[in-house]
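Presented below is the structure to which this report refers.
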Amino acid sequence: MDPDMEFRGFVSNGKLTALSQYNHLCFWPRLVQMKSYLEKIIVDYFYSNIQKKLESNFKNYIIDFCVVGEKLDQIWVIELNPFLSTTDGCLFSWENEKSLIENGPFEFRINSKIRSGGKSLMQTSWREIFEKYSNIDNEEDEKKK
């Protein structure tokens, strides 16, 4: 599974009300290019394969999907989570968008550009690694100029 191909869905009263890229601190360029396709296959998969199987036991839940396969045309369910504000909202805010998460209308969010401040949310050890390799990329870019 590629790290950019994981998504978090919000299901309220049996309906998929919201979908977000899972790794919400990252900007993945191919998600921008594939957004419509990803939305279609994940939503179709949910309503064709998941909703009816879970509706007798669960009305509200959070579901994590991944898109896999050579052609990125297969969907797997990773896990189910409680529909609670303690479950990470990814690109949705439980505090500011609770009504949207609970009632829709459906929305699919991805980062369409690099977000500022993301590095400050990384653990120190990961930030050090990131900065080390980011500097290499920047140095190589500078050499090309």
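Across Gln21, Gln33, Gln51, mean-square fluctuation computed from a Gaussian network of the chain (C-alpha pairs under 10 Å connected) peaks at Gln33. Solvent-accessible surface of protein heavy atoms, probed at 1.4 angstrom with all chains present, puts Met1, Met122 in the order Met1, Met122, largest first. Largest GNM mean-square fluctuation among Lys119, Lys52, Lys132, using the chain with Cα springs under 10 Å: Lys132. When the trypsin sites (Lys or Arg not before Pro) in segment 75-113 are filtered for DSSP coil states and for at most 16 other beta-carbon atoms within 10 Å of their beta-carbon, the remaining sites are Lys113.
For the chain, the longest principal axis of the C-alpha atoms and the axis of helix 29-45 are separated by about 10°. Each Cα pair under 8 Å and six or more residues apart adds its separation to the average, and for segment 1-143 the resulting relative contact order is 33 percent. When restricted to Cα atoms, segment 1-79 yields an Rg and a Dmax of 12.4, 38 Å, respectively. The long axis of helix 124-144 is offset from the longest Cα principal axis of the chain by roughly 60 degrees. Once the Cα-Cα distance is subtracted from the 0.36 nm per residue extended length, the Ile114 to Arg127 segment shows a gain of 3.1 nm.
Once Rg and the Kirkwood radius are both taken over the C-alpha atoms of the chain, their ratio Rg/Rh works out to 1.03.
Helix 94-103 and the longest principal axis of the Cα set of the chain meet at an angle near 40°. Estimated purely from DSSP H runs of n ≥ 4, each contributing -39500 (n - 2.57), the mean residue ellipticity at 222 nm for the chain is -11500 deg cm²/dmol once divided by its residues.
The values are calculated or read from the model by the stated rules, or taken from the named source; none is laboratory data. Nothing here was measured: the structure is a model prediction, and the numbers come from that model. Cβ sites come from the backbone with ideal geometry, for glycine too, and all protein chains shown count toward neighbours. Side chains included, ligands, DNA and RNA excluded: accessible areas come from the protein's heavy atoms. Shrake-Rupley method; radii C 1.70, N 1.55, O 1.52, S 1.80 Å.
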